[in-house]
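Participant: My structure is below; once you've seen it, I'll send some questions.
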Amino acid sequence: MKLANQTVLVTGAAGNLGPYVISRLLDDGAEVIGTYLSDSDLNTDEYPEAVTYYQADLTDQVAVESLAETVNADHGGVDHIVGLAGGFSMGGIDDTDAAAFEAALSRHATTAFLTVRAFADQLDDRSGIVLFSSDRAIDATAGTLAYNVGKGAVRTLAESLNEELDARVNAVAPFLIDVPGNREAMPDADFSEWTAAEAVADEVLHQLTNEGVAGQTIRMTGGQPEVAT
Ligand SMILES: NC(=O)c1ccc[n+]([C@@H]2O[C@H](COP(=O)([O-])OP(=O)(O)OC[C@H]3O[C@@H](n4cnc5c(N)ncnc54)[C@H](OP(=O)(O)O)[C@@H]3O)[C@@H](O)[C@H]2O)c1
């Protein structure tokens, strides 16, 4: 258990992927601290004792700095960060105004940037940071313009932070993950073509714990036909 006695901050912990990643980290012995934005998303029944949750809007610098101070006081700092905060949005160029464009950049890149910035002094060269980009940032898809750009910014952020920090910084770039929210949104899709949430959680653990992996963005396109052949 490589994460035994180590503390992992997971942002966006109450989202679709959060429980899968948290479960994997707990199985590896980590202490997990989760952040969430909306009360309504938080299912504290799932891991009531093992996970400590804090509410914070991670686009708000003052709030993120306050969160870092509180976490440091309550837990003596964190060893690793997993940045799940984000969220999908549709819209091509005709449907994307300045506010929608900036909101996507803020939701994806600013949340990750401010989190790492506020917690950077709690990390060292044994620390891992995993940010969430998207395959759409690498192989752009029409109709999700602001999302693609936001996730592209996250990829560049991860590569840049990896050069600046002692910690290793990597990114995961999935296409569609098989999580409940996607099944509800696309009930007629072939779920077998999507990447299993457990496989994404395994990749997060790998990036956090493998000291040879730094500055990488790993595409996860699961069983999609174009990559399965
Ligand atoms: N699911 C997929 O197929 C897929 C594919 C590629 C990449 N990704 C990325 O992988 C990550 C995890 O996916 P997911 O399915 O778990 O996404 P999700 O269900 O949308 O969860 C993302 C979480 O981020 C939180 N968040 C958004 N803005 C925030 C802010 N300003 N401050 C703090 N928290 C904020 C959301 O909170 P609220 O709900 O309260 O707003 C939500 O709980 C996301 O970054 C997503 O974009 C997902």
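Participant: I'd like the full set of residues that are away from the ligand (no atom under 16 Å from the Cβ) and among the polar types (S, T, N, Q), limited to segment 1-23. Reasoning before the result, please.
Facilitator: Looking only at segment 1-23, we keep the residues that are away from the ligand (no atom under 16 Å from the Cβ), and these are 1-7.
Asn5, Gln6, Thr7, listed by residue number.
Participant: Just to be sure before I move on: is Val51 within 30 Å of Asn210 (Cβ to Cβ), of a type in the set (Val, Ile, Thr) and in contact with a strand residue (DSSP E or B) (Cβ under 6 Å, 6 or more places away or on another chain) in the structure I sent? Even if it seems obvious, please write down each step before you answer.
Facilitator: Details: within 30 Å of Asn210 (Cβ to Cβ): yes; of a type in the set (Val, Ile, Thr): yes; in contact with a strand residue (DSSP E or B) (Cβ under 6 Å, 6 or more places away or on another chain): yes.
Criteria met by Val51.
Participant: Sort out which residues of segment 107-162 are more than 24 Å from Asp202 (Cα to Cα), touching a helix residue (DSSP H, G or I) at 6+ places or on another chain (Cβ under 8 Å), buried (at least 16 other Cβ atoms within 10 Å of the Cβ) and hydroxyl-bearing (Ser, Thr, Tyr), and write them in order of number.
Facilitator: Thr144, Tyr147
Participant: Quick one: what pairs do we get from segment 17-34, first residue touching a residue at least 40 places away in the same chain (Cβ under 8 Å) and of a type in the set (Lys, Arg), second within 16 Å of the ligand (Cβ to nearest atom) and part of a helix (DSSP H, G or I), C-beta under 9 Å, 6+ apart or different chains?
Facilitator: From residues that are touching a residue at least 40 places away in the same chain (Cβ under 8 Å) and of a type in the set (Lys, Arg), the pairs are Arg24/Glu198; Arg24/Ala201; Arg24/Asp202; Arg24/Val204; Arg24/Leu205.
Participant: Related question: If we keep just the residues of segment 163-172 that are under 16 Å from the mean Cα position of the chain (by Cα) and closer than 18 Å to Asp124 by Cβ, which is surrounded by the most Cβ atoms within 10 Å (Cβ to Cβ)? Please lay out each step first, then the result.
Facilitator: Pass one, segment 163-172, residues under 16 Å from the mean Cα position of the chain (by Cα): 168-172.
Adding the requirement that they be closer than 18 Å to Asp124 by Cβ leaves 168-170.
On the way: Arg168: 25, Val169: 27, Asn170: 25.
Here the residue is Val169.
Participant: Let me ask something else. Any idea which of Arg168, Arg183, Arg155, Arg219 is within 20 Å of Arg117 (Cβ to Cβ), charged (D, E, K, R) and within 12 Å of the ligand (Cβ to nearest atom)? Full working, then the answer.
Facilitator: Details: Arg168 fails: within 12 Å of the ligand (Cβ to nearest atom); Arg183 fails: within 20 Å of Arg117 (Cβ to Cβ); Arg219 fails: within 20 Å of Arg117 (Cβ to Cβ).
None of the other options fit; the residue is Arg155.
Participant: Starting from segment 38-56, take each residue that is over 13 Å from Gly18 (Cβ atoms) and list its partners that are modelled with pLDDT of 95 or more and polar (S, T, N, Q), counting only C-beta distances under 7 angstrom and pairs at least six apart or across chains.
Facilitator: Sorted first by the residue in segment 38-56, then by its partner, the pairs are Tyr54/Thr35; Tyr54/Thr70; Ala56/Thr35.
Participant: Further, regarding this structure: List every residue pair whose Cβ atoms lie under 8 Å apart, where the two residues are 6 or more positions apart in sequence or sit on different chains, the first residue falls within segment 84-107 and is away from the ligand (no atom under 16 Å from the Cβ), and the second residue, located anywhere, is assigned to a loop (DSSP other than H, G, I, E, B).
Facilitator: Gly92/Ala142; Gly92/Gly143
The values are calculated or read from the model by the stated rules, or taken from the named source; none is laboratory data. Everything numeric here is computed off the predicted structure, so don't read it as measured data. Note that each Cβ is placed from the backbone with ideal geometry, even for glycine, and that neighbours are counted across all protein chains shown.
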